[in-house]
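Shown next, in structure tokens, is the structure this report addresses.
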Amino acid sequence: MRTDDLIAALATEVAPVDRRAVAKRLGVYALAVLPVSAAVMVMWLHLRQDLAEAVFSGFFWVKLAYALALALTGFLMAERLSRPAAPFQRPAASAVRVIFGMAVWGAAALYLTPAPERLATWLGGSYSVCGAYILTLSLPMLAAALLATRQGAPTKPRLAGLACGLFAGGLGAAVYCLHCPESAAPFLATWYTLGMLATAALGALLGPLTLKWR
Amino acid sequence: MHTEAELKAMMTAGLAGDAGAHRRLLAALAGRLRGYFRKRLHDASEAEDLVQETLLAIHLKRETYDVSLPLTPWVYALARYKLIDHLRRSGARPTAPLDDADAVMAEDVSEATDAKRDVAVLLARLPERQRALVTAVKLEGRSVEETASRFGLSESGVKVTVHRSLKRLARFVGGASDAD
């Protein structure tokens, strides 16, 4: 086919384009599978017994806000990285700031805890499973985010995969908040962060394999 | 030659559904892309295939262009993606397709072509600046002085960069992969 003919063919039907199509697809795909993750959590891990009271405690909302803040930065990064040559550094820097801020808070809280109680505060009752549960609950959203991003034009697949993982990990952690009874900043800063970063790492691993497009 | 602002205006109009502007944009970009791929591929028909693939991507993926950003980097990021994709593919499957009548004619020069292609594959893995300098000094045979003034660098800067790039290329040949 001659290039001129191709151009003529491509220009016959030019529908107006929704400029927010990339963001909408990413959001819609992830929200569509969020109930799957929530259902898995309810049936497998169960809602926390004291959920009704917990919603009146400040720390429940801190956990949720931390998870959703990282989900938001991951979302913004993935949206940028679905577009060739779009700068993604700002949301990436925001993610680092959120994680760093939480780490400082966690370290300060640990410092203020009487020494004999420090280890118990840091490990809580569920440190050994927290990260794995968050990773597992994030998987539906990770698949959805990768699927949505692939329909854009990611040219940095590893970073785009990482962003999808951060987005999914944040949402997975938000779902996990409805089960997890922990209420200490050092716990949140360590084990939640590890769970979300593990999901991001899995995304970075899967990115080059799944984010190919033609 | 259209300026960035003109190209961007055509793109923006095309995104709003203006077929004429979209056609003019693709036609204008075809020329630029032809230059881009011919410089990097040496084989004109291969280059033309990539021009078409990139135009198709520009059309199909146009929703991924953010109108608040300049257009040209978006276009070249797509072109680069297509080039790397092509080089990977052809590296894995270096023989010409069987139904290609020209393949028979090409047989006796295939070794030279492969060598050229191998160089292109390796060079594509270098960062933009390093690739440009190696191409100028080692492949086009330009002098260090000339290259230095063309890129606005010092002569020693060119020498050092070329030296580093060649070491890096040697590592690629040794089978090591480059980190992101």
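Each reported figure results from applying straightforward, stated rules to the coordinates on display, with no laboratory input. Quick caveat: nothing in here was measured; it's all calculated off a predicted structure. Neighbour counts are summed over all protein chains in view; Cβ atoms, including those assigned to glycine, are modelled from backbone coordinates with ideal geometry.
Entry note, chain A: relative contact order of 31 percent, from Cα contacts under 8 Å with a spacing of 6+ residues. Along its three principal directions, the equivalent ellipsoid of the stretch B:4-105 from the Cα gyration tensor extends over semi-axes of 29, 13, 12 Å, largest first. Hydrophobic, long helices, defined as DSSP H runs whose alpha-carbon span along the helix axis is 27 Å or greater and whose mean Kyte-Doolittle value is at least -0.5, occur in chain A at A:21-40, A:58-81, A:89-112, A:127-150, A:157-177. Among the lysines of the protein assembly as shown, pairs at least eight places apart or on separate chains and with Cα atoms under 23 Å apart come to 21.
For chain A, the percent of C-alpha pairs falling in each 5 Å distance bin, counted from 0 to the bin holding the largest distance, reads 1, 8, 14, 17, 17, 13, 10, 7, 4, 3, 2, 1, 1, 1, 0, 0.
Rounded to 0.05, the FRET efficiency of the A:TRP213 and A:ALA9 pair, given R0 = 22 Å and the Cβ-Cβ distance, is 0.60. The mean number of partner chain beta-carbon atoms within 10 angstrom of a residue's beta-carbon across peptide B:13-26 is 4. If you take all other residues with their beta carbon under 12 Å from the beta carbon of B:HIS22, and give Lys and Arg +1 and Asp and Glu -1, the sum is +1.
Protection proxy ranking, highest mean first, for peptides A:87-96, A:66-75, A:25-34: A:66-75, A:25-34, A:87-96, where packing is the per-residue count of other beta-carbon atoms within 10 Å, averaged. Pick out which of A:TRP122, A:TRP61, A:TRP44 has the largest mean-square fluctuation in a Gaussian network model of chain A, springs linking Cα atoms closer than 10 Å. Evaluated over chain A, the most mobile residue of the options is A:TRP44. Entry note, the stretch B:4-105: relative contact order of 24 percent, from Cα contacts under 8 Å with a spacing of 6+ residues. Let me know the shape class of the stretch A:1-77, please: from the alpha-carbon gyration tensor, a ≥ b ≥ c as square roots of the eigenvalues, rounded when a/c is under 1.5, otherwise prolate if a/b is greater than b/c, or oblate. Judged from the Cα gyration tensor, the stretch A:1-77 comes out prolate (a/c at least 1.5, a/b above b/c).
Projected over all directions and averaged, the alpha-carbon convex hull of the protein assembly as shown occupies 25.8 nm².
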